Amino acid sequence: MVDIAVASMTGETGRKPLTKWILISYAAPATPLALAGLPIAVYLPAVYADGFGLSLFWVGLLITLSRITDVVTDPIIGFLSDKLRTRWGRRKPFVLLGTPIYAAGMYLLFIAPGGFSDVTVFGSTFSSGYPWMFCMMVLLYLGSTIKDLPYSAWGAELADNYNDRTLVMSWREGFSVSGALLSAFIPAILLFWGISKPVDVVFFLVGFMCVVMPIVVANALISVPEWPVVESQNKRVPLIEGLKVVIKNRPYVLLVVIFAFSSMGAAMTNSLSFFFVKHVLVAGELYGLYLAPYFLCQIVAIPLWFKLSRKIGKHRATMIAIGWYAFWASWLPLIAIAPSSWFTAFEIPRLLSFLPADTYQSMVEYFEGIDTGKFLFFLIVMCLKGSAIGALSALPSAMCADVIDVDTAETGQRRAGAYFSIWSMVRKGAYALGVTIGLSLVVWFGFDAQADPRNTTNSEFSLLMLACVYSVFPALFKFVGVPLLWSYPLTEAKLREVQAKIADG
């Protein structure tokens, strides 16, 4: 885990230093959440389009439509978690309630169906998989809203210092990437047992998540404090009026715009990654092997990004992370257009020639029929690109915690729930929209997900555009935020001024 000095909290009445155990306990629920995140982000289109034979276009559209409910539920849950007062705190009851709903939605989405049949409604015939997927995703996202919004607000309120907030979010991101790493190693291990189909892989991932999540959530509820609410203004701000104040918070609005585009780009990459590996690299059976080192590089790089953010600020560090991500993403379309001879130096049999004869022969047979030169080149580039992902997740969350202080200085209240509700609503909506854009674009460019990758009917152009929509387009979406980050106003010095105003009441 991230080996960084434990934060020492001062400032608000009743606060005590956060021990490493508290930081670990708060961050641990991010692990099973990431275990669930991989099936949703990566395997969902593959399971329903490639596994169940549904239309890739309609799968993407339903993913977007299922997020419409967040427009209603996110602000309501955020408002209620700010307003609630119980002996257990404001945030913990929601985390407790949302966890089983989320787990049930995840289980039913991926495991329960087994198969679908055609149904006829009002003269139209379609697969029962479409309404099932839609309804289960709505249930899943409802549980996610109830659980995750208060969980994020809870974390934002654990610290009140510019760098300490980054520390809290770095721990959470470290556990999140650890969960993603674990979810990547599970498919890699299953691969050696002959289990490579997405439908079969998610069975193990979701089952493991349903066992681990209740344990770590219960520990967090018991071990992690929720500090008493200290507000200079006791008059409650109505929901609509509160949202108006949020919208007037300029640093927050900038963050929402920046990372809405970033989320759209991430959605395009995640939803198309399996299809890229299967149809461009023609190595779908090795998909699990690529995920493990990719996520490992993310977790290794987090402490480095944390140190950089302390030196130059979170917004500047995020700009560098975007540039690093985009540079390496631009190399991936080369795989689709360049001949295999360009990648000879990366061929795995060539690199493993030092092994004993029997071991070497078994490895050659294992990779038979796969262009290992392109695959290893892809793996190296993805590891370098992936090292920026941790920064693009942890730093924005810490910045969001900072902008809440601007609101507190204005209203005299602690309304992290309202802020994270809008953050979550926009992020999830943007992500769903990115899935739809990505899947629709590749279909428009002529890509057929059902084609045999080894004797493909996909044209070279459609595969090239699949590579571009998978890598270059997301980088362009992320670059939208660079000029906004350059002029981002809430620096560490400015935050100290805001917090001094809060302290003065």
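The values are calculated or read from the model by the stated rules, or taken from the named source; none is laboratory data. Keep in mind that this is a model prediction, so the values were computed, not measured. Ideal geometry is used to build each Cβ from the backbone, glycine not excepted, and the neighbour counts take in all protein chains shown.
Selection of first residues in segment 27-49 that are within 20 Å of ALA218 (Cα to Cα) and surrounded by fewer than 24 Cβ atoms within 10 Å (Cβ to Cβ) and of second residues that are at pLDDT below 75 and not basic (Lys, Arg), restricted to Cβ pairs under 6 Å at least 6 apart or on distinct chains, gives the following pairs, ordered by first then second residue: ALA34/ALA180. Candidates in segment 445-477 are the residues that are among the hydrophobic types (A, V, I, L, M, F, W, C) and in a loop (DSSP other than H, G, I, E, B); of these, the one that is surrounded by the most Cβ atoms within 10 Å (Cβ to Cβ) is ALA449. Within segment 430-484, restricting attention to residues that are aromatic (Phe, Trp, Tyr) and farther than 22 Å from VAL59 by Cβ, the residue that is modelled with the lowest pLDDT is PHE479.
Residues in segment 365-389 that are within 30 Å of VAL253 (Cβ to Cβ) and outside any helix (DSSP H, G or I): SER387, ALA388. When you look at SER117, is it of a type in the set (Gly, Ala, Ser) and surrounded by 14 or more Cβ atoms within 10 Å (Cβ to Cβ), yes or no? Here the answer is no, as SER117 does not meet what is asked. Of the helices (runs of 4 or more DSSP H) lying entirely inside segment 232-316, those containing at least 3 residues that are modelled with pLDDT of 80 or more and touching a Pro at 6+ places or on another chain (Cβ under 7 Å) span 250-275. Pull up segment 68-87, narrow it to residues that are charged (D, E, K, R) and surrounded by 23 or more Cβ atoms within 10 Å (Cβ to Cβ), then point me to the one that is farthest from THR145 (Cα to Cα). Within segment 68-87, the match that is farthest from THR145 (Cα to Cα) is ASP82.
Taking only pairs six or more apart or across chains, which ones have beta-carbon atoms under 6 Å, a first residue in segment 74-92 that is among the acidic types (Asp, Glu), and a second residue that is modelled with pLDDT under 80? Hits for this filter: ASP74/SER421; ASP74/SER424; ASP74/MET425; ASP82/ARG415; ASP82/GLY417; ASP82/ALA418.
Residues of segment 77-89 that are farther than 22 Å from PHE134 by Cα and among the β-branched types (Val, Ile, Thr): THR86 alone. Tallying residues that are at pLDDT below 70 and among the aliphatic types (A, V, I, L, M) within segment 155-184 yields 1.
Yes/no matrix, rows are residues, columns are (1) buried (at least 23 other Cβ atoms within 10 Å of the Cβ); (2) within 16 Å of the chain's Cα centre (by Cα); (3) assigned to a loop (DSSP other than H, G, I, E, B); (4) of a type in the set (A, V, I, L, M):
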{"site": "TRP342", "(1), (2), (3), (4)": "no, no, no, no"}
{"site": "TYR360", "(1), (2), (3), (4)": "no, no, no, no"}
{"site": "MET363", "(1), (2), (3), (4)": "no, no, no, yes"}
{"site": "ALA391", "(1), (2), (3), (4)": "yes, yes, no, yes"}
{"site": "ALA409", "(1), (2), (3), (4)": "no, no, no, yes"}
{"site": "ALA418", "(1), (2), (3), (4)": "yes, no, no, yes"}
{"site": "TRP423", "(1), (2), (3), (4)": "yes, yes, no, no"}
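Within segment 36-83, the set of residues being out of contact with any helix residue (DSSP H, G or I) (no Cβ under 6 Å at 6 or more places or on another chain) and at pLDDT 75 or above comprises LEU44, GLY53, SER55, TRP58, LEU65, ILE68, VAL72, ILE76, LEU80, LYS83.
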